[in-house]
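The values are calculated or read from the model by the stated rules, or taken from the named source; none is laboratory data. Fair warning: this is a prediction, and the values are worked out from it, not measured in the lab. Note that each Cβ is placed from the backbone with ideal geometry, even for glycine, and that neighbours are counted across all protein chains shown.
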Amino acid sequence: MPKSTRTSSQSSGLQLGRAVEWPASPDAAQIDRVPNPQKNTDYVVRFTAPEFTSLCPVTGQPDFAHLVIDYVPGQWLLESKSLKLYVASFRNHGAFHEDCTVAIGKRIADEIKPKWLRIGGYWYPRGGIPIDVFWQTGRLPKGMWIPDQGVAPYRGRG
């Protein structure tokens, strides 16, 4: 990476290209965005976080999920290192499955203002019941193909 690019990201406040502390909570996490060089073209970006962890707000026990985030960028792209840090900030955060999933989707949408965003939270069973949570912004832009999120329904030993 050219030195000028590294210096540019540091001076712009991005976490990319430099050592940063792990955020203590989702509220303390910084989500970075970068300009979309293909802003006049509609396309889909997918992030997958197969090892998401948070805490049950009642028992304090860990909850695990497979998150899939699809979005159609507008002016901005979601910077992946900041997403990694944001997702990791939930490890010691107590919230229900629905709250975690929807809060992540809303926070990303607020930060990057995509043309469209969808998040699927596929939560592993606790108490014998898996919970899947889905949230999206508005309507998908016309003509876009969105692949299936590719997470099989929970089948236990079946």
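Report yes if some residue within the stretch 140-149 is over 24 Å from Pro37 (Cβ atoms), surrounded by 14 or more Cβ atoms within 10 Å (Cβ to Cβ), in contact (Cβ under 8 Å) with a residue 24 or more places away in the chain and not aliphatic (A, V, I, L, M); otherwise report no. Yes, the conditions are met somewhere in the stretch 140-149.
For the stretch 113-133, filtered to residues that are in contact with an Asp or Glu (Cβ under 9 Å, 6 or more places away or on another chain) and of a type in the set (Val, Ile, Thr), the residue that is modelled with the lowest pLDDT is Ile131. When you scan the stretch 30-42, how many residues do you find that are surrounded by 12 or more Cβ atoms within 10 Å (Cβ to Cβ) and assigned to a loop (DSSP other than H, G, I, E, B)? Selection size over the stretch 30-42: 6.
Only one of Gly127, Gly94 is free of Cβ contacts under 8 Å to residues at least 60 places away in the same chain and out of contact with any strand residue (DSSP E or B) (no Cβ under 8 Å at 6 or more places or on another chain); which? Break it down stepwise before answering.
Details: Gly94 fails: out of contact with any strand residue (DSSP E or B) (no Cβ under 8 Å at 6 or more places or on another chain).
Checking each option against the conditions leaves just Gly127.
Answer yes or no: is there a residue in the stretch 131-139 that is more than 25 Å from Pro35 (Cβ to Cβ), surrounded by 19 or more Cβ atoms within 10 Å (Cβ to Cβ) and over 15 Å from the mean Cα position of the chain (by Cα). Scanning the stretch 131-139 turns up no residue that is more than 25 Å from Pro35 (Cβ to Cβ), surrounded by 19 or more Cβ atoms within 10 Å (Cβ to Cβ) and over 15 Å from the mean Cα position of the chain (by Cα). Selection over the stretch 57-89 of residues that are over 28 Å from Leu140 (Cα atoms) and either aromatic (Phe, Trp, Tyr) or part of a helix (DSSP H, G or I) (or both) gives a count of 2. Of all the numbered requirements in (1) surrounded by fewer than 18 Cβ atoms within 10 Å (Cβ to Cβ); (2) of a type outside the set (Val, Ile, Thr); (3) over 28 Å from Gly143 (Cα atoms); (4) within 18 Å of the chain's Cα centre (by Cα), Ser54 misses one, and that requirement is (1).
Checked against (1) touching a helix residue (DSSP H, G or I) at 6+ places or on another chain (Cβ under 7 Å); (2) in a loop (DSSP other than H, G, I, E, B); (3) of a type in the set (Gly, Ala, Ser), Gly121 passes all but condition (2).
When Asp99, Asp110, Asp63 are checked against the criterion of being buried (at least 17 other Cβ atoms within 10 Å of the Cβ), acidic (Asp, Glu) and within 25 Å of Ala28 (Cβ to Cβ), Asp63 stands alone in meeting it.
Restricted to the stretch 4-29, and to residues that are of a type in the set (Ser, Thr, Tyr) and either assigned to a loop (DSSP other than H, G, I, E, B) or exposed (fewer than 12 other Cβ atoms within 10 Å of the Cβ) (or both), which residue is modelled with the highest pLDDT? Walk me through how you get there before you give the answer.
To start, the set of residues in the stretch 4-29 that are of a type in the set (Ser, Thr, Tyr) comprises 4-5, 7-9, 11-12, 25.
Subset that is either assigned to a loop (DSSP other than H, G, I, E, B) or exposed (fewer than 12 other Cβ atoms within 10 Å of the Cβ) (or both): 4-5, 7, 11-12, 25.
Numbers: Ser4: 39, Thr5: 40, Thr7: 41, Ser11: 46, Ser12: 71, Ser25: 96.
Selected residue: Ser25.
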